[in-house]
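Undergrad: Quick one: the structure is below, questions incoming.
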Amino acid sequence: MAVFFISFEVMHYLYIIYSKSLDQYYIGETVNVEIRLEQHNTGYYRKASTSKASDWRVYLIGECIDRSHARRVEDFIKKQESRKFIKSLKVDQEKFNDILERFK
């Protein structure tokens with residue numbers, strides 16, 4: 001009897017959301033940005049920093065090949081510790097795409 005394993009990678013997304021009421025950005029990764037945004041806005045993550053607001057909006061989304069790729073990009077952006085850097089990614093899509101490509 002032959003046993004076959006089917007392996008497939010699930011597309012992941014790096015996302016940056018913004019809350020106007022907190023004037024704050026949040027960077028994360030997920031397989032479904034729409035569901036994750038709803039979770040942030042409804043306080044699903046009770047102890048998370050995003051639970052302090054319900055007006056989170058998608059600021060930027062990047063398509064990643066898998067969770068590991070998304071986490072590497074997320075870590076890189078977080079290490080910049082810069083609102084200016086985050087804003088520059090939205091203005092300069094090529095810069096954002098270069099970062100996504102670099103961490104594949």
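The values are calculated or read from the model by the stated rules, or taken from the named source; none is laboratory data. Computed from a predicted model, the values in this text were never measured in an experiment. All Cβ positions, glycine included, derive from the backbone under ideal geometry; neighbour counts span all protein chains shown.
Undergrad: If you check residue 73 against the conditions, is it assigned to a helix (DSSP H, G or I), modelled with pLDDT of 95 or more and touching a helix residue (DSSP H, G or I) at 6+ places or on another chain (Cβ under 7 Å)? Even if it seems obvious, please write down each step before you answer.
TA: Working: assigned to a helix (DSSP H, G or I): yes; modelled with pLDDT of 95 or more: yes; touching a helix residue (DSSP H, G or I) at 6+ places or on another chain (Cβ under 7 Å): yes.
In short, yes.
Undergrad: Hey, another quick one. For residue 96, all conditions in the list (1) within 14 Å of residue 28 (Cα to Cα); (2) among the hydrophobic types (A, V, I, L, M, F, W, C); (3) under 13 Å from the mean Cα position of the chain (by Cα) hold save one; what is the number of the exception?
TA: Failed condition: (1).
Undergrad: Restricting to the stretch 45-63, what's the tally of residues that are part of a strand (DSSP E or B) and loosely packed, with under 12 Cβ neighbours inside 10 Å?
TA: Of the residues in that region, 1 qualify.
Undergrad: Still on this structure, I have one more. Taking only the stretch 14-24 into account, find how many residues are surrounded by fewer than 17 Cβ atoms within 10 Å (Cβ to Cβ) and on the phi < 0 side of the Ramachandran plot.
TA: Total meeting the criteria: 4.
Undergrad: Still on this model: Filter the stretch 31-43 for residues that are part of a loop (DSSP other than H, G, I, E, B) and either at pLDDT below 95 or of a type in the set (S, T, N, Q) (or both) and give the result. Spell out the reasoning first.
TA: At the first step, the residues of the stretch 31-43 found to be part of a loop (DSSP other than H, G, I, E, B) are 31-32, 42-43.
Once the filter is applied, which keeps residues that are part of a loop (DSSP other than H, G, I, E, B) and either at pLDDT below 95 or of a type in the set (S, T, N, Q) (or both), the stretch 31-43 yields 32, 42, 43.
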